[in-house]
1. Using the Karplus curve 6.51 cos²θ - 1.76 cosθ + 1.60 with θ = phi - 60°, work out ³J(HN,Hα) for each residue of the range 125-138 in order, rounded to whole Hz, and write x for Gly and Pro.
2. So, for the range 94-159, what is the accessible surface per residue at a probe of 1.4 Å, expressed in square angstrom?
3. How much net charge surrounds A74 when only the other residues with a Cβ under 15 Å from the Cβ of A74 are counted, with Lys and Arg +1 and Asp and Glu -1?
4. How much of the accessible area of the chain, probe 1.4 Å, is carbon plus sulfur, in whole percent?
5. If we count every other residue with Cβ under 11 angstrom of A50's Cβ, Lys/Arg +1 and Asp/Glu -1, where does the sum land?
6. With a ≥ b ≥ c the root eigenvalues of the C-alpha gyration tensor of the range 1-98, is it rounded (a/c under 1.5), prolate (a/b larger than b/c) or oblate?
7. Quick check on the range 56-148: take the gyration tensor over C-alpha atoms, sort the square-rooted eigenvalues as a ≥ b ≥ c, and tell me if it's rounded (a/c under 1.5), prolate or oblate.
8. For a test of the definition: using alpha carbon positions, the gyration tensor, and the 1.5 limit on a/c, classify the chain as rounded, prolate or oblate.
Amino acid sequence: MHRLVSQLKAQGIVQSARVEAALLATDRALFVRDSSQAYTDCPHPIGYGATISAPHMHAYCMEWLVAAVPDARAVLDVGSGSGYLVAALAHLYPQATVQGVEIVPELVEWSARNLLAFDPALRASERVRVCTGNGWESLQGSTFDVIHVGAAASRVPEELVAALRPNGVLLLPVGPDKGDQAMQLWRKDARGELQEPRVLLGVRYVPLVQTRAK
Ligand code: SAH
């Protein structure tokens, strides 16, 4: 993990001490199927058509988030997959609860086991949670300072905008499946009005599906 993080620093992707510490604290080997691949800067298949994102993408996302919202209290990770980013975000935001939502129940179960192996005390504290759910659907009144989406949405999901607190940010890839997608950062101002997004980077993510494929 040290070598990988040094490499991301040398490339200028990891810039802040907070992101560096969160990456170093979160051993990727606990969140992949094949731990021999854990420290290469690539996405890896985790089953069910999902991948754990490449470390440089996790690093970019955490840098954008921590710069936009330094002190989040409630964080949501939609498409939480392996659980890696749930764990890393809990380190990045030590005061926050971090909720993962994932549409594949088998991945929810696996990620809960990964989080337990990663840090039993953190898991027991209930500061991190993962549950089965659909990012396109209502979050039943829960609101968040930071929402990260780990799958590409064809358009910005209204339910996620509704769940964003004033001064909060929504970071997500937007674009067609297997087409040109762009990472967008949306912010609500202090009055709760949605600002125009910042477009950050061209990306390739698996799609944020409407319903689970049978
Ligand atoms: N950040 C995760 C990324 C996993 S890949 C990681 O690094 O491990 C994206 C995930 O989004 C997949 O696990 C997929 O099952 C999930 N997903 C796709 N559509 C979804 C939806 N509508 N709601 C919730 N999760 C979804």
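The values are calculated or read from the model by the stated rules, or taken from the named source; none is laboratory data. Bear in mind the structure is a predicted one, so any value in this text is a computation, not a measurement. Using ideal geometry, Cβ is built from the backbone for each residue, glycine included, and neighbour counts are taken over all protein chains shown. The accessibility values were calculated without ligands, DNA or RNA, using every heavy atom of the protein model including side chains. Shrake-Rupley method; radii C 1.70, N 1.55, O 1.52, S 1.80 Å.
1. For the range 125-138, the Karplus-derived couplings read 5, 6, 6, 10, 9, 10, 9, 7, x, 10, x, 7, 9, 4 Hz, x marking Gly and Pro.
2. For the range 94-159, the per-residue accessible area is 47 Å².
3. +1
4. Answer for the chain: carbon and sulfur cover 51 percent of the accessible area.
5. -1
6. Oblate is the answer for the range 1-98, as a/c is 1.5 or above yet b/c matches or exceeds a/b.
7. It comes out rounded by the Cα gyration axes.
8. Verdict is rounded for the chain.
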